[in-house]
Structures are given as structure tokens and as C-alpha cells.
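Each remark here refers to the structure printed beneath this line.
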Amino acid sequence: MRISSLLTGFFVVVVPQTTTTYRVAPDESQFEVEVGRAGLFKVFGHDHRIRVGAFTGTVVWNSKEPESSRFTLEVDPTSLSVAD
């Protein structure tokens, strides 16, 4: 009994990787946000397009459990500019 319990400690279970991480490529991407009118005074406003100059991000994709996948995006607020 003692020998079998010592041997079980040497077995390694190999689990195939189910997540893949992707990085957003800001040099190859364009990021704009459309801001629309809403609320009581929306008739007096107008829509805007905001360009984001500096951003980074990652996607962690879980092929076995897609609902547990994650998307993270970080924006440098000093890089925002009105595009319209």
C-alpha cells in the first residue's frame, strides 16, 4: 500500500490548454466611439465621433467555456479627440 501511494505522486496529468490569449494590435487597428444624443434635451444636442489614439487590449478565449472568456481594453484618456 505504501509503494502504490508513493508511485501515484509521480504521475503527471496533462490537460490540454483550452484558453488562447490574443493581443489587440493598436498599430493595425482603428478605434472610434460614436456618442449619440439621449435624454430630455436631446433635440438641442448633436452626435459626436471620438477617436481613441492610444489603447491596448487582450482577449482570453476559452474554447471549452466561451462564457468564461474575457476581453480587456485599456484606453489612455489623454489620447481622445473629436473626429467629426
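Just one of (1) modelled with pLDDT of 95 or more; (2) of a type in the set (S, T, N, Q); (3) surrounded by 11 or more Cβ atoms within 10 Å (Cβ to Cβ) fails for S63. It is (1). From the list A54, A38, A83, the lone residue that is modelled with pLDDT of 85 or more and in contact with a helix residue (DSSP H, G or I) (Cβ under 6 Å, 6 or more places away or on another chain) is A54. G53 meets the conditions (1) of a type in the set (G, A, S); (2) touching a Ser or Thr at 6+ places or on another chain (Cβ under 6 Å); (3) loosely packed, with under 11 Cβ neighbours inside 10 Å in every case but one. The failed one is (3). Residues of the stretch 29-76 that are under 23 Å from Q17 (Cβ atoms), charged (D, E, K, R) and assigned to a loop (DSSP other than H, G, I, E, B): K64, E65. Within the stretch 1-28, take every residue that is at pLDDT 90 or above and polar (S, T, N, Q) and give me the one that is nearest to the chain's Cα centre (by Cα). By that ranking, first place goes to T21.
The values are calculated or read from the model by the stated rules, or taken from the named source; none is laboratory data. Here the structure is a predicted model, which means the values were calculated and not measured. Neighbour counts run over all protein chains shown; Cβ positions are idealised from the backbone, glycine included.
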